[in-house]
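Colleague: One structure coming up, written as structure tokens, with questions to follow.
Values quoted throughout were computed directly from the atomic coordinates according to the rules given, and no laboratory measurement underlies them. Keep in mind it's a predicted model, so treat the numbers as computed, not measured. Here the Cβ positions follow ideal geometry from the backbone for every residue, glycine too, while neighbour counts run over all protein chains shown.
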Amino acid sequence: QFPFGRRLPCDIYWHGVSFHDNNIFSGQVNKFPGMMETVRKITLSRAMRTMQDLFPLEYNFYPRSWILPEELSIFVDEVRVMKDSNPSWKPTFIVKPDGGCQGDGIYLIKDPNDIRLTGSTQSRPAVVQEYICKPLLMDKLKFDIRLYVLLKSLDPLEIYIAKDGLSRFCTEPYQEPTLKNLHQVFMHLTNYSLNIHSGNFIHSDSVNTGSKRTFSSILCRLSSKGADVKKLWSDIISLVIKTIIALTPELKVYYQSDIPAGKPGPTCFQILGFDILLMKNLKPVLLEVNANPSMRIEHEQELSPGVFENVPSPVDEEVKVAVIRDTLRLVDPQKKKRKDTHKKHHGIIHEHPALWEVSPWQGVDEMSSEVPPKPIPSVILCCRCQSLKQAPESREELPDAPKSPEAALPSLCLKQVFPKYSKQFSHLRLVDRVAALFIRFLGVKGTTKLGPTGFRTFIRNCKLSNSNFSMAAVDILYIDITRRWNSMGLDKESGMCLQAFVEAFFCLARKKYKSLPLHEQVSSLIEICENRLAALHGKRLLCGCG
Ligand code: ADP
């Protein structure tokens, strides 16, 4: 730990909270700039809404959500209309304060008028969301899944998913929400931090029992009951990739403002915690994404009244040690050096990590429906054997040794899912292309907002204004949308943020291609802009002023 900073450059920086914990100029950092802001409840809901507008069926794994206070009246109206058209619909909603965690300030309501807009936590901006009333139960208890996902690189996009995660159980038998049980948090909320305070919480030394278990133990039980676990895994992988595709546009804007392209600087990777709920029909639903998932492998135990001690938690150790170990293996700078040396000596070009990415967990198709819970002793052995500590020295001494240091390590628990399955998802990356246009016209380094001149230049260079859409109308569009977005956000920097630009872009696309579905309108306009900018660029190069 270097609480007062460190002058010598490092290969890998492990920051506690955010990219900005220390000023760094090289190496790799375990946080992306802007990740915390991007996965906050409101920002995530907005990003998911944009994707739901474009691809409603592909993004139906995220519950319908409204942002408070600004969308309160829309929420009330929409619920009334839905109830009128389907009188048997008796929904429940969950209200979650923005920026909250560990169940803080969360409550359930049956009637939109029960939203509390006063009081210390209630006056905070929040998300109100459709409550999933029929979750999958195990031993009559509701549970959720925490999966660890490594975002190894943003551009090109590289995503890995840990093959095991945690399942966190409620501590009171589940009943569908009624006015009487709405406030029973031990029945409705799966947060470990809440349930640990219930007298029913079970700390178990086994990964298959207790209030926190491995996800693989759940899969095992489901599989023994005949559930299609392969399909479940493939749905979860889709959910993760689609969610990250929804987040990348915003992340790219933050990234270019902190690490401008073409300049030497650090690169980033990040372990994210995905919270997923399974519905009764085994459909996974995204609850939220955590930028700083807890990596604790101990829990507190009360030895005698008021006396606490940290004791090892085998379930956490089983899952989390493997995630950190494999993250370090994947971002290991020595690995790149070794690969380059190998290429130089043997003239072999290896595709992406194939050289050492040999995992028993290969491909969704081959994913076994029985994912047996691994015996604990082997895991304790691997995290105690200190192979990671020994590895760098042996590498320094024997850079060309035929046996790589990884040979001594267990096979990878992190599985690459992107670009591996990129083909199935490439059509969803529309907002990424809109963000690329936005970034192109940002101009000043270090900014995340587009000024009026930048917006005008975008319109002019893409030749989007005409007799029906004058430059004066362009200015009005800019002012209208920017003013509204800036009045909603906490960010006081003036100018047009990415979401506002996306809204303006969608508005232009609708105007131009009235009869098409939204995603076709947007993709047609993107193509026009990209082509016109490419032509302009070519012209400038020809004129020698490029
Ligand atoms: P926090 O960051 O405070 O933990 P979450 O969004 O994870 O907030 O919600 C807390 C808990 O509430 C979840 O772990 C889950 O058990 C429950 N929950 C959240 N959203 C829903 C939902 N839409 N339907 C059913 N249960 C939910």
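Colleague: Which ³J(HN,Hα) values in Hz, rounded to whole numbers, follow from the phi angles of region 269-281 under the Karplus curve 6.51 cos²θ - 1.76 cosθ + 1.60, where θ = phi - 60° and Gly and Pro get x?
Modeller: The phi angles translate into 9, 7, 8, 10, x, 9, 9, 10, 10, 9, 7, 3, 7 Hz.
Colleague: Can you run phi through the Karplus equation (6.51, -1.76, 1.60; θ = phi - 60°) for region 471-485 and list ³J(HN,Hα) in whole Hz, with x for Gly and Pro?
Modeller: Result, ordered by residue: 5, 5, 5, 4, 5, 5, 4, 4, 5, 4, 5, 4, 4, 5, 5 Hz.
Colleague: Would you please give the residues with an amide H less than 5 Å from that of GLU288, counting only those at least 5 places away or on a separate chain, with H modeled from the backbone geometry?
Modeller: ASP275
Colleague: Between ASP98 and residues 5 or more places away or on another chain, which pairs have amide H atoms under 5 Å apart, with H built 1.01 Å from N, and which residues are they?
Modeller: Here the answer is ALA126, VAL127, since their amide H atoms fall under 5 Å of that of ASP98.
Colleague: Could you give me the ³J(HN,Hα) list for region 194-206, computed from phi with Karplus coefficients 6.51, -1.76, 1.60 and θ = phi - 60°, whole Hz, x at Gly and Pro?
Modeller: Going residue by residue, I get 8, 5, 4, 8, 8, x, 8, 5, 10, 7, 10, 7, 9 Hz, with x marking Gly and Pro.
Colleague: Take the residue pairs LYS252/LYS514; LYS90/LYS231; LYS423/LYS511; LYS242/LYS420 and return only those whose Cα atoms are more than 21 Å apart.
Modeller: Those over the limit are LYS252/LYS514; LYS90/LYS231; LYS423/LYS511.
Colleague: Next up: Quickly rank 176-186, 124-134 as a protection proxy: mean count of other C-beta atoms within 10 Å, highest first.
Modeller: Per-residue Cβ counts within 10 Å, averaged per peptide and sorted highest first, yield 124-134, 176-186.
Colleague: Please label the shape of region 427-541 as rounded, prolate or oblate, based on the square roots a ≥ b ≥ c of the eigenvalues of the alpha-carbon gyration tensor (a/c under 1.5 means rounded; beyond that, a/b larger than b/c means prolate, else oblate).
Modeller: Judged from the Cα gyration tensor, region 427-541 comes out rounded (a/c under 1.5).
Colleague: Roughly how many whole Å is it from the C-alpha centroid of region 4-76 to that of region 290-329?
Modeller: Spelled out, the Cα-based centre of one part sits 24 Å from the other.
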